[in-house]
Every structure is written in structure tokens, then in C-alpha cells.
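The values are calculated or read from the model by the stated rules, or taken from the named source; none is laboratory data. Computed from a predicted structure; not experimentally measured. All Cβ positions, glycine included, derive from the backbone under ideal geometry; neighbour counts span all protein chains shown.
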Amino acid sequence: MNKEIALQKLKTLEGQDLRKLAEKYNITVFKEGKTNKGWAGQTVERAIGLPLNSSQCPNAGSWELKLVSLKKKVDGTLVPKETMQITMINEKDVLERPFESSHLLSKLRSLVICGRIFVSKNEPESILYKVGTFDLKGELYKIVKTDYEDVRNAIRTRGFKSLTGHMGELVQPRTKGPGHGSISRAFYARKGFVAIILDIGT
DNA sequence: CTATGATCATCC
DNA sequence: GGATGATCATAG
């Protein structure tokens, strides 16, 4: 499937309640009182016919589907609820590759991003608010590149394990993984950056 | 087990 | 209230 087709399908999903779609596609949202944190993303992938897989490569060829949750402020403005995970950090990969050929850049340049409205952690309903694409360029490109270089530097001088979430201006390295002691890290987009990507709130 | 999909829980 | 670090379900 190419990006344009996927985009068209996603457009038809705009305004729909993802909770209902999740049920339709048999996606687990809750289990024993715990949340499947990836349910929203998996639901959308299923809905447009994308395979669920765990490869670091873009799952549909040359682009990447991401979903972020938005919350509504009292004045009605939608803002990113949380940071967004972009891609895993592979120590060796980051050390060897310049920003120009990093996974981080390739993901950012081919993003298809969807915003869903977060109601509460019980997820009584969740409307797909909007879908959009993003291309990293100009000023943003420079800042992200700087963040990436900082991470490389930190790995070189202090080691992979020294990476912490307070680094980075637009993207940050954070722990992310199955939990239970297995530690891996990923790049996350800070909220301000997410707002820019989604083109909301400006 | 570890990759992906992201959010939850806690600390400041 | 926001940021940081930890965690859950599913697939291979």
C-alpha cells in the first residue's frame, strides 16, 4: 500500500469512534483492568489494512503511521496529551550514522500522523480527530539534528545507559520497552514538537 | 525474549 | 501540571 492510498483511507476514518472500530477488529483495549497502550494505533492499522508487525522498518514500505492522543483544554483548544514515541534507539546505529541517514530522520520525513481525542483513561470513546503528514525541514531540521548529535555525544562520552529524558529540545531519548528490567530506549517527540507536526495550536 | 504499537505512574 | 522513567498487549 502506498502513502496516498493509506491517507485516503484514513480520511474516511476521520470523525469516527476508534473504540467501536477496536471492537469490530477485535483489538484488546483492556485486559484484567490493564490497558493495551497500543490499542489505538493497532486499531487504525487494522482498519486500513496494514499488517501488525514489530519491524523497525516502516511497516508499509516508505512511510510510517503514528497516532497521538490529544486533550481538550477548557477553552476548546486541542493540545498533545503526551510526548510521542518516534523510533527505537540502537546504540551502534546511532554512533555510526550521521543524522542524515538515521532512522530518526527517515521516520520523521515520512510520517503520517493521526490525532485522536483522549477522553479519559477509561477510553469511553475516542474520536479520530485528524490525519496529516509531516516533512522535517528548515529550522526544525536543524534543531532535531542538534538533538540527535547531543545524543550521540552522550553515548560516546558517558555511555548508552546515561541517556535520560531531560536531554533534547524537540526530540528526547527515553526508556521504552517491555518493562521488567529489559531496558531499551527510543526517541520521543516533545509535546511542542508534536503540536507542530500535527499542525494544531501553533 | 525483544521488537512494535503508545500511555501510565511517579517525581519534581 | 509537566516531564521522566516504567510498563502493557501483541506479533515474530
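Looking at this structure, is A:Gly179 near DNA strand C (Cβ under 9 Å from one of its atoms) and of a type outside the set (A, V, I, L, M, F, W, C)?
Criteria met by A:Gly179.
Looking at this structure, is A:Asn90 surrounded by fewer than 12 Cβ atoms within 10 Å (Cβ to Cβ) and either within 11 Å of DNA strand C (Cβ to nearest atom) or more than 21 Å from A:Ala195 (Cα to Cα) (or both)?
Working: surrounded by fewer than 12 Cβ atoms within 10 Å (Cβ to Cβ): no; either within 11 Å of DNA strand C (Cβ to nearest atom) or more than 21 Å from A:Ala195 (Cα to Cα) (or both): yes.
In short, no.
Testing A:Gln8 on (1) near DNA strand B (Cβ under 8 Å from one of its atoms); (2) assigned to a helix (DSSP H, G or I); (3) out of contact with any helix residue (DSSP H, G or I) (no Cβ under 8 Å at 6 or more places or on another chain), one condition comes back false. Which one is that?
(1)
Filter segment A:177-192 for residues that are within 13 Å of DNA strand B (Cβ to nearest atom) and modelled with pLDDT of 90 or more; which is farthest from A:Leu65 (Cα to Cα)?
The initial filter retains those residues of segment A:177-192 that are within 13 Å of DNA strand B (Cβ to nearest atom), namely A:177-191.
Those still in the list that are modelled with pLDDT of 90 or more too: A:185-191.
Details: A:Arg185: 20, A:Ala186: 16, A:Phe187: 16, A:Tyr188: 15, A:Ala189: 15, A:Arg190: 18, A:Lys191: 18 Å.
Checking each candidate, the answer is A:Arg185.
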